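Before any comments, here is the structure.
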Amino acid sequence: MAENLIIAEGGKEQKYELLHKQIAALVNGESDTIANMANVAAMIHATFGFWWTGFYRVVGEELVLGPFQGPLACSRIRYGRGVCGTAWKEQVTQVVPDVELFPGHIACSSLSRSEIVVPVWSDEEIVAVLDIDSEHLATFDQVDKLWLEKIVALLYK
Ligand code: SME
């Protein structure tokens with residue numbers, strides 16, 4: 001895969017479409033999941049300029065911080081806690097337009113205003129979550145949900 005990330009002109013659909021293609025090419029050429037998570041976080045982060053983009057991995061009863069881009073974050077999140085732990089427990093993507101209105105939200109950074117958390121599946125099991133934070137309200141919608149679900153589906157193919 002090319003070493004350089006190309007960011008599409010236009011709206012976020014166009015950006016996601018090209019990003020998805022580049023991530024598909026990247027993961028086809030690399031079998032190590034942590035290496036892929038690291039580059040996927042970097043590619044999403046650079047394309048959209050989010051506040052924080054990264055993975056938490058399921059380790060026993062907890063989510064443990066994985067590859068990410070952005071400021072220092074909480075290392076461990078318990079099952080069912082916060083937006084990440086809720087995505088794991090409920091087994092569906094959480095789109096949170098205002099984190100202050102989400103009961104039990106874990107504020108790793110007081111600057112985070114909205115968030116999306118996407119479960120990462122391997123076979124029938126959730127093995128990680130992709131967490132993205134924005135410093136603006138209502139950054140994420142169904143377009144982000146659709147494309148980010150397609151992107152994380154590339155990780156364990
Ligand atoms: N806000 C998340 C915690 C992780 S940090 O935002 C990076 C949550 O409520 O699960």
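Any read-out appearing in this document is the output of simple, stated calculations on the displayed coordinates, not a laboratory observation. Please read these numbers as outputs of a predicted model, since none were measured by experiment. Heads up, the Cβs are rebuilt from the backbone with ideal geometry, glycines too, and the neighbour counts pull from every protein chain shown.
Over region 33-157, what relative contact order in percent results from Cα pairs under 8 Å that are six or more residues apart?
So the answer I get is 24 percent.
With equal scatterers on the alpha carbons only and no solvent term, can you work out the Debye log10 of I(q)/I(0) for the chain at 0.18 1/Å?
Those come out to -1.08, one per q.
Across region 68-82, in residue order, what do the Karplus-derived ³J(HN,Hα) couplings come to in whole Hz, using 6.51 cos²θ - 1.76 cosθ + 1.60 with θ = phi - 60° and x for Gly and Pro?
Working through the residues one at a time gives 8, 10, x, x, 2, 10, 4, 7, 9, 10, 7, 3, x, 9, x Hz.
Of the candidates GLY60, GLY85, GLY49, which one comes out as most mobile in a Gaussian network treatment of the chain with C-alpha springs shorter than 10 Å?
Largest GNM mean-square fluctuation: GLY60.
Any idea how far apart HIS136 and GLU61 come out in nm if each label point goes 7 Å out from Cα toward Cβ?
4.1
FRET efficiency for GLN14 and VAL92, Cβ-Cβ distance as r, R0 = 25 Å, nearest 0.05?
Efficiency for this residue pair is about 0.45.
Please express the Cα-Cα pair-distance distribution P(r) of region 10-67 as a list of whole percents, one per 5 Å bin, running from 0 to the bin with the greatest distance.
4, 17, 23, 22, 18, 10, 4, 1, 0
Would you mind checking LYS21/LYS150; LYS21/LYS145; LYS89/LYS157 for any pair whose Cα atoms are more than 20 angstrom apart?
LYS89/LYS157
Calculate the spin-label point distance for ALA24 paired with GLU3, positioning each point 7 Å from the Cα along the beta-carbon direction, and give it in nanometres.
A separation of 2.6 nm, rounded to one decimal place.
Can you sort ASP133, ASP98, ASP123 by how many other beta carbons sit within 10 Å, fewest first?
ASP123, ASP98, ASP133
Can you figure out the FRET efficiency of TRP121 with CYS74, using R₀ = 35 Å and their beta-carbon distance, to the nearest 0.05?
0.95
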